[in-house]
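Shown next, in structure tokens, is the structure this report addresses.
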Amino acid sequence: KQLEILHKAVQKAGKHFPRELAAAVNTVTKQTRTDIGKRIRGVMKIKKAAVEKHIRITGVAAAVKPVGKITLDYNDRAGLQEFGARQTSAGVTYQISPQGGRKTVIGAFMGPRPGTLAPKLYGGVWKREGAARKMGKGRHQGRVRQPIVKLYGLSPYGAWMKNDFTVTEVAFIQDKLTHEINRRINVNILRAQGLVKT
């Protein structure tokens, strides 16, 4: 019924219904991406920019196909440095959950000393693990040392599934799409009356 009303309003305004519908979907797609990030940050102590790297708009609505698509990366775990990591004399402390306390990875490092990040480590948290082997390059070339491995925290996808946000998000999308279509109905009514020129 709402789409029928929009169609009539768009016709009277001299606009194209498929384009109006696609524009509404794209607006809601962007709002949904932001909302997914907010929900994840509610259960993960991670910054907005860091979590939104894992949430991508992979489908944009067009007049011929008014469908938007958002992808939450499945295997893309956030590096431990994204969880407020700080190097101490014992290792690196971090906090995954806003409700939980800080934990420590004994022996982990982010640079040569606490408070100093090593540029070659790209801001990540690392730890020596595994069997020692002869280094083939770098300043320790020729020496026998344990290799270093990068440490990761919980993935945004894992947080999403663990908290079962899908049903709530579907309700959010329905509400926002209803609101956006109503807004476009009103705009096109005003266009038809000559009160809006866009």
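The values are calculated or read from the model by the stated rules, or taken from the named source; none is laboratory data. Predicted model, so just to flag it, every value in this text is computed and none were measured. No Cβ is skipped: glycine too gets one built from the backbone with ideal geometry, and neighbour counts run over all protein chains shown. SASA here: full protein model, heavy atoms, side chains in, ligands and nucleic acids out. Shrake-Rupley method; radii C 1.70, N 1.55, O 1.52, S 1.80 Å.
Solvent-accessible area of the chain (1.4 angstrom probe, protein heavy atoms only): carbon and sulfur portion equals 54 percent. Taking Gly158, Gly84, Gly142 as the candidate residues, the one with maximal mean-square fluctuation in a Gaussian network model of the chain, Cα springs under 10 Å, is Gly142.
Inter-part distance, the stretch 89-139 to the stretch 1-26, computed on C-alpha centroids, equals 54 Å. For the chain, a crude dipole built from +1 on the beta carbon of Lys and Arg and -1 on the beta carbon of Asp and Glu, taken about the Cα centre, is about 880 debye to the nearest 20. Which angle between 0 and 90 degrees, to the nearest 10, do you get for helix 2-13 versus the longest principal axis of the chain when only C-alpha atoms count? With rounding to tens, the tilt is 60 degrees. Within a straight-line Cα-Cα reach of under 19 Å, Lys15 can be paired with the following aspartates and glutamates, leaving aside sequence neighbours fewer than 8 residues apart in one chain: Glu4, Glu180. For Lys103, the lysines whose Cα comes closer than 29 Å to its Cα, not counting residues fewer than 8 places off in the same chain, are Lys38, Lys45, Lys47, Lys48, Lys53, Lys120, Lys127, Lys150, Lys162.
So, for the stretch 6-150, what is the accessible surface per residue at a probe of 1.4 Å, expressed in square angstrom? Write out the running numbers ahead of the final one.
Details: 8860 Å² over 145 residues.
Result: 61 Å² of accessible area for each residue.
For the chain, a Kirkwood radius taken over Cα pairs fed into Stokes-Einstein (4 °C, viscosity 1.567 mPa s) yields D = 63 µm²/s. Computed over the chain, relative contact order equals 24 percent, with contacts defined as Cα pairs under 8 Å that lie 6+ residues apart.
For the stretch 115-175, the relative contact order works out to 26 percent when only alpha carbon pairs closer than 8 Å and six or more residues apart are counted. Here the Gaussian network model covers the chain, with springs between Cα atoms less than 10 Å apart; of Phe83, Phe17, Phe109, Phe17 fluctuates the most.
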